[in-house]
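Inspection log for the structure reproduced underneath, given as structure tokens.
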Amino acid sequence: MAELARVMRFSTAGELTASIAHEINQPLGAILTNAETAKAILKSPSPDIAELNEIVDDILKDDQRANEVIRRMRSLLKKAPFELKNFDLNDLVRETLGVLSSLAVGRKVELSSLITQNALPILGDRIQLQQVILNLVVNGIDAMRDTPSENRIISIRTSRVENVAQLSVSDRGPGIPEDKLKEVFEPFFTSKAEGMGMGLSIARTIIEAHHGLISAKNRDHGGASFRIRLPLVS
Ligand code: ADP
């Protein structure tokens, strides 16, 4: 976990995901093996209930272990000394758009940004907040995989609302089922074959550690929209 702590400080979202994957791969692998064994046993004419019971107990134990890794990771993230700096959220958004430009070209997605003229001074950890923005944009790009390329647009907007800095990332993908708008922030919630379901959970932890809020909604004409609100420093 010391390694994870180090990674937390410097990682891009990708590196972070890799290190969590490494930590929970073992329990997940064991769960898979046990589930497959249980399925095989169930196919026999008289399944051995005692054995099935043991297998289910093992699955529960491994699930617990995977959860424990996530719990530790989250508390570590909360305790990790923040590198708090004053900066303008607009500058971070511009910088992050630069980081994303080649990915966007490769995936034939247009990144359209509307950045407010108002300064958005916030106090926060630049790297962590950049991870959040990257995650939201990459999720939007993933969501538009089957969207015709002329509609593949991600809109990134910033605004100042009273003493709050707002950032929204909106796409034109299929959106999120209404009953899942909260669940998407839970660890392990994923609808992707290769997904980890950790990105939004980490994003929420980071934003809440900055005394902010993150939420998801569906747009009126299709697509999902994520909004972050962070307190402005005066
Ligand atoms: P992952 O990307 O590994 O699945 P995330 O926590 O980043 O993990 O996202 C969790 C889930 O939330 C996704 O699998 C998807 O079902 C849903 N989701 C996230 N962003 C979007 C989006 N822009 N449009 C539609 N669904 C989304």
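Take each peptide in 163-176, 31-44, count the other Cβ atoms within 10 Å of every residue, and average; sorted highest first, the result is 163-176, 31-44. Sparsely packed loop sites in the stretch 175-212 (the trypsin sites (Lys or Arg not before Pro) outside DSSP H, G, I, E and B with at most 12 other Cβ atoms within 10 Å) comprise K182, K192.
Need one number: % antiparallel among DSSP beta bridges in the stretch 109-178, to the nearest 5.
Percentage antiparallel, nearest 5: 60.
The 3J(HN,Hα) values that the Karplus relation (6.51, -1.76, 1.60; θ = phi - 60°) gives for the stretch 46-59 are, in residue order, 10, x, 7, 4, 4, 5, 4, 4, 4, 5, 5, 4, 4, 4 Hz. Gly and Pro appear as x.
Counting only DSSP beta bridges whose two residues both lie in the chain, roughly 85 percent are antiparallel.
Among the protein heavy atoms, those of E186 account for about 80 Å² of accessible surface (1.4 Å probe, every chain in place). At a probe radius of 1.4 angstrom, the accessible area of the chain per residue rounds to 56 square angstrom. I'd like the distance separating the alpha-carbon centroids of the stretch 39-67 and the stretch 148-195, in whole Å. Measuring centre to centre over Cα atoms gives 37 Å.
For a Förster distance of 35 Å, can you work out the FRET efficiency between the beta-carbons of L213 and V56, rounded to the nearest 0.05? The pair L213/V56 has a calculated efficiency of 0.35. All Cα-Cα distances of the chain, cut into 10 Å bins from zero to the largest, leave 7, 28, 31, 20, 9, 4, 1, 0 percent in each bin in turn. Cα convex hull, the stretch 110-234: 111 Å³ per residue, rounded to a whole number.
The values are calculated or read from the model by the stated rules, or taken from the named source; none is laboratory data. The model shown is predicted, which means the values in this text are computed figures rather than measured ones. Don't worry about glycine lacking a Cβ; one is built from the backbone with ideal geometry, like all the others, and counts go over all protein chains shown. Ligands, DNA and RNA are stripped out before the accessible areas are found, and what is left, the full protein with its side chains, is counted by its heavy atoms. Shrake-Rupley method; radii C 1.70, N 1.55, O 1.52, S 1.80 Å.
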